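A.B. asks: One structure follows; several queries about it will come next.
The values are calculated or read from the model by the stated rules, or taken from the named source; none is laboratory data. As the structure is a computational prediction, the values presented were derived from the model and not from experiment. With ideal geometry, Cβ positions are generated from the backbone for all residues, glycine too; neighbour counts draw on all protein chains shown. Protein only, heavy atoms only, side chains kept; ligands, DNA and RNA dropped before computing areas. Shrake-Rupley method; radii C 1.70, N 1.55, O 1.52, S 1.80 Å.
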Amino acid sequence: MKKTLFALALLTSVTATPAVAQDVVAVRPMSGTRLDISATGTVSRVPDLAIISAGVVTRSATATGAIGDNAARMERVRAALRRAGIADKDIQTSSINLNPDYHYDNNQPPVLTGYQASNNVSVRFHDIRNAGKILDALVGEGANQINGPSLTIDKPESAYDEARIKAIAAGRARAELYARTLGMHVVRLVSVSEGGNNYPRPPMPMVAMMNKSDRSPETGIEPGSQDLEVTLAMSFELQ
C-alpha cells in the first residue's frame, strides 16, 4: 500500500511539472549599458466643467424662524438652478447647519440673541460661458454664500492617453540623443513605469464685470486652459 501511494505521488509530481514550467518566462539578460531616464508628456485642454458651492445663510430670533426662512429661500435658489438648465443629479446638498448666536460682553455671561441657519449645495454644470449668468441668478434669488467656480476637465482620460504617447516619444528621442552622444545605439526598451498623473489643479478663474447698456453689470468668467501631464520612468539598453 505504501509503495502504491509513493508511486501515485511521484506520478503526480511528474505530470504537474510541465504546467509549472509553462509559467516561467525567460528574460533576455542585458549585456549592454543601461540608461534610466524620466520623460513627461503634456497636453492642454480648455476646462469643460464648473463646480460651485452656493448657499443661503439666514438669521432669526428663533430656531424655527431661521430654518424656515432658510428653507424658503433655498427652494428659490434650487428653482433658479433648474431654470438655468441644471439637472437635479448635478445639485447635491453639501451641508445644513443651525447654530445659536450669542452676544459677548466683557466679564458678562453670553446672551442668546437668535439663531443662524445655513444650507449649501454643490452644483456642477458644463455651460461655463454662462456661469456668470448662473451666479447672478442665484444671488438674485437669495443666495448669499457662493464659492467658486472650480474649473476642471470632466473626462480627462483621453487627454492623458495623448500625454502618455508624447511621454513615450520624448523618452525614445532622449535615449537616441544619449546613444548618439556616447557613440552607441539603442538596442531596446527594457522597462517603463508610470508615476502618479499630475491632475490639473483648477486655476483661479478670471472674473470680470461686463457692462451692458440696457441692464446691470454681469459677472463674466473666462475658462482659460489647463495642462495635464503624465511622467514615465523608462530604461533602455545601449550598445
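A.B. asks: Looking at this structure, is Val192 open to solvent by less than 70 Å² (accessible area, probe 1.4 Å), of a type in the set (Val, Ile, Thr) and either touching a helix residue (DSSP H, G or I) at 6+ places or on another chain (Cβ under 9 Å) or within 30 Å of Ser31 (Cα to Cα) (or both)? Reasoning before the result, please.
C.D. replies: Working: open to solvent by less than 70 Å² (accessible area, probe 1.4 Å): no; of a type in the set (Val, Ile, Thr): yes; either touching a helix residue (DSSP H, G or I) at 6+ places or on another chain (Cβ under 9 Å) or within 30 Å of Ser31 (Cα to Cα) (or both): yes.
When the stated conditions are applied, Val192 does not pass them.
A.B. asks: Count, please, the residues in region 110-151 that happen to be open to solvent by less than 30 Å² (accessible area, probe 1.4 Å) and either closer than 30 Å to Gly195 by Cα or among the aromatic types (Phe, Trp, Tyr) (or both). Working first, answer last.
C.D. replies: Start the filter on region 110-151 by keeping residues that are open to solvent by less than 30 Å² (accessible area, probe 1.4 Å), which leaves 114, 117-121, 123, 125, 128, 131-132, 134-135, 138, 142-143, 149, 151.
From the residues that got through so far, the ones that are either closer than 30 Å to Gly195 by Cα or among the aromatic types (Phe, Trp, Tyr) (or both) too are 125, 149, 151.
Matching residues across region 110-151 total 3.
A.B. asks: Answer yes or no as to whether Ala39 is in contact with a Ser or Thr (Cβ under 8 Å, 6 or more places away or on another chain), closer than 30 Å to Ile168 by Cβ and modelled with pLDDT of 95 or more. So that I can check it myself, show each step before the final result.
C.D. replies: On the way: in contact with a Ser or Thr (Cβ under 8 Å, 6 or more places away or on another chain): yes; closer than 30 Å to Ile168 by Cβ: yes; modelled with pLDDT of 95 or more: yes.
Yes, satisfied.
A.B. asks: Another question, then. Can you tell me which of (1) closer than 30 Å to Ser44 by Cα; (2) part of a strand (DSSP E or B) is the one Asp154 doesn't meet?
C.D. replies: Among (1) closer than 30 Å to Ser44 by Cα; (2) part of a strand (DSSP E or B), the lone unmet condition for Asp154 is (2).
A.B. asks: Taking the condition modelled with pLDDT of 70 or more, over 25 Å from Ser44 (Cα atoms), among the hydrophobic types (A, V, I, L, M, F, W, C) and open to solvent by 70 Å² or more (accessible area, probe 1.4 Å), does Leu182 pass? Can you show your working first?
C.D. replies: Working: modelled with pLDDT of 70 or more: yes; over 25 Å from Ser44 (Cα atoms): yes; among the hydrophobic types (A, V, I, L, M, F, W, C): yes; open to solvent by 70 Å² or more (accessible area, probe 1.4 Å): yes.
Yes: the conditions hold for Leu182.
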